[in-house]
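Quick notes on the structure that follows.
The values are calculated or read from the model by the stated rules, or taken from the named source; none is laboratory data. Worth saying up front: this structure is predicted, and the values here are computed from it rather than measured. Don't worry about glycine lacking a Cβ; one is built from the backbone with ideal geometry, like all the others, and counts go over all protein chains shown.
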Amino acid sequence: MNRKLSYAENVVHFSGWFLACVVSLVKLFHAQTDILENSTNIHHTLRDLNPGWRILSRLKDDSDPEWNTLKYFLRTSWFYLLLQFCVSEIIRRTNISVLKYWYLISSVIFIVNYLGVRQLALIITQPIVFWVVIFAGGKSISVWLTSILFLTGYNSLKYKYYFWHFLDSEYITDEEVFLLLFAVAWVNLRCISFCIDYVESKEKLNSSQDENNVRLSVAEHTVNMFSYVLYLPVLLVGPIILYEEYDKSFHVKNESLSLRLKRFMWDMILYAMYSVILEIAFHYIYFLAMQSNIEAVKLLPSVALCGGGLWMGLQFHVKYVISYGTTTAFARLDNIDAPPTPRCIARIHLYSQMWRYFDVGLYRFLFKYIYKPISDILKCYLTSSYMTCKLLSSLVTFIFIFVWHGTTWSILVWSVLNYLGIVLEYFGKNIGKSEKYLWFRQKVLRTDAIESRFIAMLCVPMLGLSAVSNFYLFADSDIGDMYFGLMKWPSLVNFAIVYISLYCSCHVAIALQDFPSRTDVKMYNKTA
């Protein structure tokens with residue numbers, strides 16, 4: 001924990017941050033209640049407010065399709081996932097060489113039974129085409145062109161009627177539709193991971209003079225690819241596990257079954273508790289459902305809107321902790337070193353930390369396959385400064401992020417604002433290394449404590465911009481634009497309240513910056 005400030009000052013910051021969170025959420029609850037009770041017309045427009053648990057006797061917000069899809073996936077597939085693991089463990093102890101075949105067969109059986117043959121055809125189309133590209137002699141550039149073509153076509157077709165007519169969508173549930181959409185996106189990343197690793201390993205083997213190098217047959221590579229791309233625990237809802245991490249599970253020492261089961265049971269109990277807490281919260285906070293009527297959201301006072309923004313962030317975080325935590329818990333049963341769950345957004349104040357610690361698997365993918373290769377190429381062919389290479393590499397990375405997440409206006413704004421935040425952070429770090437700043441620190445700031453306060457003050461606008469940019473991802477452009485409108489001419493009182501709250505939040509994040517979360521692993525290489 002950061003020790004630059006006194007214990008008493010840290011307590012004040014933690015208390016201020018906690019109080020701001022509680023007050024804004026309480027204000028949101030009371031404000032939404034007044035609106036729904038006094039405006040019956042608005043109440044009737046919120047179709048996603050449905051009867052909740054009888055024991056609570058309240059309506060429940062059912063407007064988040066991702067959360068509903070995750071619940072459906074876990075409810076309908078947990079038994080099959082456990083059965084798959086039991087068979088996998090028997091095979092691992094008897095003949096591990098056929099384990100990949102079982103992964104592949106069990107995934108195909110699951111997709112056919114739970115989604116359908118047409119859905120299986122859609123999912124395996126990508127790996128088949130990628131397989132043809134690399135085994136026909138395609139290089140890394142061919143892999144990336146194939147990926148971009150698939151993502152472009154996918155983002156276009158998913159809004160077309162004939163696309164869903166092909167899937168015979170009237171016979172599948174909305175949750176199954178979303179699972180299919182998620183699967184196509186995750187499969188794309190796994191195809192890239194395997195194909196780039198395959199191309200690079202092939203180039204190394206071709207340039208090596210070592211006759212002892214093992215060259216696998218096309219059939220073996222095919223099984224490796226399809227068993228990885230279709231690996232069931234993370235097939236539909238993520239996160240991305242790199243191929244090298246997947247392949248390593250077949251060569252590491254088999255961890256004690258009892259230890260794996262104990263960790264798995266603890267994880268399941270923990271994520272079940274998180275799920276219950278989140279479900280209860282949906283009975284009391286209706287901010288997501290209110291977004292279907294932008295006029296209802298505009299009726300909320302400023303403090304309640306701050307609570308709404310906080311709620312969107314916390315709900316998004318908990319949802320992905322449960323989602324990624326549950327699927328990776330099954331992966332760890334198979335000895336796969338899965339990425340840690342997302343770090344709480346309430347303890348992150350910099351853009352780079354958000355990308356590094358929220359979706360660690362995606363961060364590793366972006367760093368290994370996009371950021372670092374682009375940076376290495378720029379260093380070889382450009383005489384530009386190190387800063388220019390970093391910014392251009394980050395730009396290419398964010399272009400891919402935009403295409404992969406979906407080419408919509410809200411995703412574009414979110415991507416642009418995130419890249420802008422990264423650029424500002426880069427310049428801030430460079431200024432912090434300059435001689436003028438070192439003089440300023442020595443002559444004006446003088447102590448580490450004063451410098452920590454000064455940095456927190458500078459980070460407040462960045463944290464505010466980060467929060468608003470994420471609203472474009474959590475909700476849509478209407479909600480994001482509305483929050484941006486609140487930032488234009490705030491009253492002095494509202495400005496002071498928000499600034500002090502964010503200032504305390506920055507100090508909390510700085511104090512906990514080096515304090516690992518429960519599932520953190522060793523830091524990966526740093527990037528944008």
Among (1) of a type in the set (D, E, K, R); (2) over 27 Å from TYR499 (Cβ atoms); (3) crowded, with 17+ Cβ neighbours inside 10 Å, the one test that GLU435 misses:
(3)
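Kindly establish whether LYS139 is basic (Lys, Arg) and surrounded by 21 or more Cβ atoms within 10 Å (Cβ to Cβ). Reasoning before the result, please.
Numbers: basic (Lys, Arg): yes; surrounded by 21 or more Cβ atoms within 10 Å (Cβ to Cβ): no.
Answer is no for this residue.
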Every residue from the range 40-81 that is hydrophobic (A, V, I, L, M, F, W, C) and in contact (Cβ under 8 Å) with a residue 24 or more places away in the chain:
ILE42, LEU46, LEU49, TRP53, LEU56, LEU59, TRP67, LEU70, PHE73, LEU74, LEU81
Which residues, taken from the range 222-259, are of a type in the set (Ser, Thr, Tyr), over 24 Å from the mean Cα position of the chain (by Cα) and not in a helix (DSSP H, G or I)?
SER256
Determine, yes or no, whether LEU417 is surrounded by 14 or more Cβ atoms within 10 Å (Cβ to Cβ) and within 22 Å of ASP478 (Cβ to Cβ).
yes
For the range 438-451, what are the residues that are loosely packed, with under 13 Cβ neighbours inside 10 Å, assigned to a helix (DSSP H, G or I) and among the β-branched types (Val, Ile, Thr)?
VAL444
Selection within the range 40-50 - within 27 Å of VAL237 (Cβ to Cβ) and loosely packed, with under 15 Cβ neighbours inside 10 Å:
ARG47, ASN50
Answer yes or no as to whether SER292 is in contact with a helix residue (DSSP H, G or I) (Cβ under 9 Å, 6 or more places away or on another chain), surrounded by fewer than 21 Cβ atoms within 10 Å (Cβ to Cβ) and hydroxyl-bearing (Ser, Thr, Tyr).
yes
Say we look at the range 84-140 and pick out the residues that are among the small types (Gly, Ala, Ser) and over 27 Å from the mean Cα position of the chain (by Cα); which of these is modelled with the highest pLDDT?
SER88
Condition met for VAL11 (at pLDDT 90 or above and within 30 Å of PHE454 (Cα to Cα)):
yes
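Of the residues THR76, THR152, which single one is of a type in the set (S, T, N, Q) and under 30 Å from TYR284 (Cβ atoms)? Explain how you work it out, then say what you get.
Details: THR152 fails: under 30 Å from TYR284 (Cβ atoms).
The unique qualifying residue is THR76.
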Test for TRP78: is it surrounded by 18 or more Cβ atoms within 10 Å (Cβ to Cβ), assigned to a helix (DSSP H, G or I) and modelled with pLDDT of 90 or more
no
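Residue by residue, here is whether (1) small (Gly, Ala, Ser); (2) at pLDDT below 85; (3) in a helix (DSSP H, G or I) holds:
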site: ARG453; (1), (2), (3): no, no, yes
site: LEU463; (1), (2), (3): no, no, yes
site: SER469; (1), (2), (3): yes, no, yes
site: MET482; (1), (2), (3): no, no, yes
site: ASN494; (1), (2), (3): no, yes, yes
site: ILE497; (1), (2), (3): no, no, yes
site: CYS504; (1), (2), (3): no, no, yes
site: LYS526; (1), (2), (3): no, yes, no
Hey, could you check the range 459-514 for residues that are among the polar types (S, T, N, Q), more than 15 Å from GLY421 (Cβ to Cβ) and surrounded by 18 or more Cβ atoms within 10 Å (Cβ to Cβ) and say which is nearest to the chain's Cα centre (by Cα)?
SER505
Selected residue (criterion: farthest from TRP311 (Cα to Cα)) from residues of the range 267-278 that are free of Cβ contacts under 8 Å to residues at least 60 places away in the same chain and either touching a helix residue (DSSP H, G or I) at 6+ places or on another chain (Cβ under 8 Å) or of a type in the set (D, E, K, R) (or both):
LEU270
Checking ALA331 against (1) small (Gly, Ala, Ser); (2) more than 30 Å from TRP102 (Cβ to Cβ); (3) buried (at least 20 other Cβ atoms within 10 Å of the Cβ), which single condition isn't satisfied?
(2)
I'd like the full set of residues that are surrounded by fewer than 16 Cβ atoms within 10 Å (Cβ to Cβ) and either modelled with pLDDT under 90 or aromatic (Phe, Trp, Tyr) (or both), limited to the range 387-405.
MET387, THR388
